[in-house]
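The values are calculated or read from the model by the stated rules, or taken from the named source; none is laboratory data. Keep in mind the model is a prediction, meaning the values are calculated, not measured. All Cβ positions, glycine included, derive from the backbone under ideal geometry; neighbour counts span all protein chains shown. Side chains are part of the model used for accessible areas, which takes the heavy atoms of the whole protein and leaves out ligands, DNA and RNA. Shrake-Rupley method; radii C 1.70, N 1.55, O 1.52, S 1.80 Å.
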Protein chains: 2
Amino acid sequence: MAEYAGVSAKTVSNVINDYEHVSEQTRAAVKEAIDALGYRVNIAGRQLRKGRTGMIALVVPELDVAYFSELAKHVMTEADRRGMTVLLHQTNGERTRELAALHGFDAQFTDGVILSPLALLPHDLETRDRRLPVVLLGERPWASRTDHVGVDNVRASREATEHLLAGGRRRIAVIGGALRGRQGTDRLRTQGYQQALQAAGLPFDAGLVVPVDAYHWQDGARAAASLLERPERPDALLCLNDHLALGAVRALHEHGVRVPGDVHVVGFDDIEASRFMIPSLTTVAPDKAEIARAAVSLLLQRVEDPAASVHAPQDRTAPHRLIVRESTGGA
Amino acid sequence: MAEYAGVSAKTVSNVINDYEHVSEQTRAAVKEAIDALGYRVNIAGRQLRKGRTGMIALVVPELDVAYFSELAKHVMTEADRRGMTVLLHQTNGERTRELAALHGFDAQFTDGVILSPLALLPHDLETRDRRLPVVLLGERPWASRTDHVGVDNVRASREATEHLLAGGRRRIAVIGGALRGRQGTDRLRTQGYQQALQAAGLPFDAGLVVPVDAYHWQDGARAAASLLERPERPDALLCLNDHLALGAVRALHEHGVRVPGDVHVVGFDDIEASRFMIPSLTTVAPDKAEIARAAVSLLLQRVEDPAASVHAPQDRTAPHRLIVRESTGGA
DNA sequence: CAACATATTTACATCGATGTAATGGCGTGG
DNA sequence: CCACGCCATTACATCGATGTAAATATGTTG
């Protein structure tokens, strides 16, 4: 390459990096050589020297959970805009994989990591290698010293519950809810639900909080089916994501229970399917584009200024809104 | 690192790569040093030397099309099993991005690429740099010299159409179909449809073939709505993917048309949503796990034996089956 | 004990890009 | 004509891991 253009390797490098003191003549010669030989910089060489790869990792539990694939799309768009490449990973919610991500996987080929954790323990965050910039998505229940982007889950859940109450609902079940254990998204959303009940002066029935194994369609279906076996059926379901909600609607349908006629249903995430289901689904829509933007921006701040690793951890709360659709009797 | 363990850098390397002639003693010492210092190999250094990164790219049009995110999951699982890391990219169906993928992006940090093309031209494949192993997914309409994994689209579509015919349908529309232009998936599936009609002795009405901009929910809804404006309505919809089908079902519902009562609907891909929609969707299910397995396996063959780049291009056809559900009056 | 085989470890060069500092060319002011 | 400064280019070292080959240690055989 350098020989072909008749210059030194360094001059090629200078041309590629737009160093100003290069004569028009050599610049042209080098560019021509680049085209002629189809030359492309070798990332490995560059990183070895610069210490940066231009890649960031996005690590989520599962790609076939629509919320995450939709989010991934936004993150990739945003990263692209900022000249970064995204390495996408899934953890299946396994702690070992989340840990691996926190530590930059087996090797170091990533400038930073955006991680949506499920199983991580507080301790894992304390002991992580602070040289690798990390942004957490979702809940950040522990006062960790790590940047974080999320939504106000308690409030969102309270609003969703209030909407159900306003629709005359009195026995609202929570599918995917949690009363104890780690202060995760499920816990917070359940809290919001409890707050709304309390504000309305309604009793809280722990039996209406149904935990699930995963946030998938069939878990929602199973949970809904189990609720129907109770002597006193619920008249509304607050489902902690849209897959659960849609699975639940399906199960209700199979049992001849009408939505919204007999039971109202609300979900979280506003995945695309929810707009098109029959009935369409009322859901809490987090601003995914904003989440992606904030996460990438926070991460690149740390990447570009590693010295800032001492800066106080940042916390961003993205907006959300309740989208009322047919499943709660809406338009 | 090396100093900490009191050995040379090469010995560390030997331990990491399980070189056999290392004394138990030094091996232990090095391992301890690794733990103590949290050492991890630097991929850049390794690749610079070895020329391999252990990463492959999976490049698809859009991640929020469930078929692709489900496929991605399988590819990642399979790659993981074989010690590879997957770099996931989306092209939005833009030719420039597909080209960039073919050429290993701006830089070379990928050992190979699995590409699901939409806009690529035959010429692009002819002129690609053959040093980068590539496996194409989906259709491979041109006799390219590139490995390929797909399903038998013509047959699958014919079977789906036959199923509709067996259900007494006589005016079957094709949403997403194509009569002319590149020999893509749409063309092939339309051909299968035509074959089935012909075999049944039914006339072919080009007006029933409705092209779409993209394979998204709203495109299906729009297409279905336009079909309902025709004087003579179709009594079945063959939708070339599940998103189109589900969007179409929604549109029919909004127009008071019952599925399967008035119109039968079939989709392609068997995404998870299709099992849970109301009505559940009859669909052609490609064996995604098998597609992923074949693609990764073909790719790694080339990666591991670059000399084999002269081997004849391979072509794998993954199995598919028709899953009959409620939208065509099934169980 | 010499000669040789085997095991273990290391020195050195190398992959490609680039930061640092030095080189050589040229113009300007004194 | 010299000193100095600016510009364009390059020599060299370096990032980290590893292949090659050589050095060293240890053991074995005749």
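When the pairs A:Lys50/A:Lys288; A:Lys31/A:Lys73; A:Lys50/B:Lys50; A:Lys10/B:Lys50; A:Lys73/B:Lys50 are compared against a 27 Å limit on Cα-Cα distance, A:Lys50/A:Lys288; A:Lys31/A:Lys73; A:Lys73/B:Lys50 fall above it. Rounded to the nearest 20, the size of the Cβ-charge dipole of the range A:221-331 about its Cα centre is 100 debye, with Lys and Arg at +1 and Asp and Glu at -1.
Over the range B:202-293, Cα pairs under 8 Å with separation of 6+ residues give a relative contact order of 23 percent. With the largest listed first and rounded to whole Å, the semi-axes of the equivalent ellipsoid of the range A:1-144 from the Cα gyration tensor are 40, 16, 12.
Of A:Ala200, A:Leu228, A:Ala2, which is farthest on the positive side of the dipole of chain A, counting Cα position, with +1 on Lys and Arg Cβ, -1 on Asp and Glu Cβ, and the Cα centre as origin? Of the listed residues, the answer is A:Ala200. With only Cα atoms counted, the range B:235-331 has Rg and Dmax values of 18.5, 61 Å. Stokes-Einstein diffusion for the range B:223-280, with the hydrodynamic radius set to the Kirkwood value over Cα pairs and evaluated at 37 °C in a medium of 0.692 mPa s, equals 290 µm²/s.
The mean sequence distance of close C-alpha pairs (under 8 Å, at least 6 residues apart), as a share of the length of chain A, puts its relative contact order at 16 percent.
Where q = 0.21, 0.25 Å⁻¹, what log10 of I(q)/I(0) comes from the Debye formula for the range B:2-41, counting one point per Cα? With no solvent term, the Cα-only Debye profile gives -0.53, -0.77. Each copy carries a label point for A:Asp35 at 7 Å from Cα along the beta-carbon vector; from one copy to the others these points are 5.8 nm apart, nearest first. Label-point spacing for A:Arg95 across the identical copies (point 7 Å from Cα in the Cβ direction), in nm and ascending order: 5.3. If you line up the long axis of helix A:153-166 against the longest principal axis of chain A, both from Cα atoms, how many degrees apart are they, to the nearest 10? Rounded to the nearest ten degrees, it is 30. Taking the square roots of five times each eigenvalue of the Cα gyration tensor of the protein assembly as shown, the equivalent ellipsoid has semi-axes of 45, 36, 21 Å, listed largest first. Given a 10 angstrom Cα cut-off, can you work out which residue in A:Asp124, A:Asp213, A:Asp18 is the most mobile in a GNM of chain A? The residue with the greatest mean-square fluctuation here is A:Asp18. Think of each Lys and Arg Cβ as +1 and each Asp and Glu Cβ as -1; about the Cα centre, that makes the dipole of the protein assembly as shown roughly 260 debye.
Helix B:66-81 and the longest principal axis of the Cα set of chain B meet at an angle near 30°.
Beta bridges assigned by DSSP with both partners in the protein assembly as shown are antiparallel in approximately 10 percent of cases.
Using a probe of 1.4 angstrom, how much of the accessible area of the range A:2-41 is carbon and sulfur, in percent? Ligands and nucleic acids excluded, carbon and sulfur give 50 percent. Here's the picture: charge each Lys and Arg Cβ at +1 and each Asp and Glu Cβ at -1 in chain A, and of A:Asn92, A:Trp217, A:Leu118 the one pushed furthest to the positive end of that dipole is A:Leu118. Taking the Cα centre of chain B as reference, the dipole from Cβ charges on Lys and Arg (+1) and Asp and Glu (-1) amounts to some 440 debye. Note on chain B: antiparallel DSSP beta bridges, both residues inside, total approximately 10 percent of the bridges counted.
Per residue, the protein assembly as shown exposes 43 Å² of solvent-accessible protein surface, assessed with a 1.4 angstrom probe and all protein chains in place.
Interface between chains A and B: roughly 4600 Å² of accessible area buried, both sides summed (probe 1.4 Å, protein heavy atoms only).
Helix-only arithmetic for chain A: the sum of -39500 (n - 2.57) across DSSP H runs with n ≥ 4, divided by the residue total, places the mean residue ellipticity at 222 nm at -12500 deg cm²/dmol. Take the alpha carbon gyration tensor of the range B:35-96, find the square roots of its eigenvalues, order them as a ≥ b ≥ c, and report rounded if a/c is under 1.5; if not, report prolate when a/b exceeds b/c, else oblate. It comes out prolate by the Cα gyration axes.
For chain A, the Kirkwood radius over C-alpha pairs fed into Stokes-Einstein at 4 °C and 1.567 mPa s yields D = 59 µm² per second. Peptide B:267-275 has a mean of 3 when you count, residue by residue, the C-beta atoms of other protein chains within 10 Å of its C-beta.
Across q = 0.12, 0.18, 0.22 Å⁻¹, the range A:129-197 modelled as identical point scatterers on its alpha-carbon atoms has Debye log10 I(q)/I(0) values of -0.39, -0.71, -0.92, in the order of the q list.
Seen against the Cα atoms of chain A and their longest principal axis, helix A:288-304 is set at about 40 degrees. Among the residues of A:50-59, the average count of other protein chain beta-carbon atoms within 10 Å of the residue beta-carbon is 2. For the range B:63-178, the equivalent ellipsoid derived from the alpha-carbon gyration tensor has semi-axes of 31, 18, 13 Å in decreasing order.
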